[in-house]
Amino acid sequence: MTGDGCGGSSPPSDTQNGENSPNRTPFEHAVAALPIPTFADYVPVVSAAVTDGTRRAYGTYWNRITEHWGTRHRPHAMDRDLV
């Protein structure tokens, strides 16, 4: 079946699942408007939230990620890039 997912035969509109979708909740609209932090923005937040032992264990990796990918946003770094 093609269409709007409700048994109709018309194709979905461009905004059906997009940014201005009437199907989104107010929370989804608010989350979509938030900026995505870069690794350089986020790694210090994570580092501050963990124990000293965790920071010692992972700190060198986090520093390397920040050095190489500091300006990248997490969704743009694919899991295959992290291996």
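Okay, residues lined up against (1) out of contact with any strand residue (DSSP E or B) (no Cβ under 6 Å at 6 or more places or on another chain); (2) modelled with pLDDT under 85; (3) surrounded by 11 or more Cβ atoms within 10 Å (Cβ to Cβ); (4) not in a loop (DSSP other than H, G, I, E, B):
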{"site": "Ser9", "(1), (2), (3), (4)": "yes, yes, no, no"}
{"site": "Asp14", "(1), (2), (3), (4)": "yes, yes, no, no"}
{"site": "Glu28", "(1), (2), (3), (4)": "yes, yes, yes, yes"}
{"site": "Ser47", "(1), (2), (3), (4)": "yes, no, yes, yes"}
{"site": "Ile65", "(1), (2), (3), (4)": "yes, no, yes, yes"}
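List pairs: first residue in the stretch 27-46 and under 11 Å from Trp62 (Cα atoms) and aromatic (Phe, Trp, Tyr), second residue modelled with pLDDT under 80 and outside any helix (DSSP H, G or I) anywhere in the structure, Cβ distance under 8 angstrom, at least six positions apart or on different chains.
If the second residue must be modelled with pLDDT under 80 and outside any helix (DSSP H, G or I), the pairs left are Phe39/Ala77.
The values are calculated or read from the model by the stated rules, or taken from the named source; none is laboratory data. All values derive from a computational prediction rather than experimental measurement. Cβ atoms come from the backbone with ideal geometry, glycine included; neighbour counts cover every protein chain shown.
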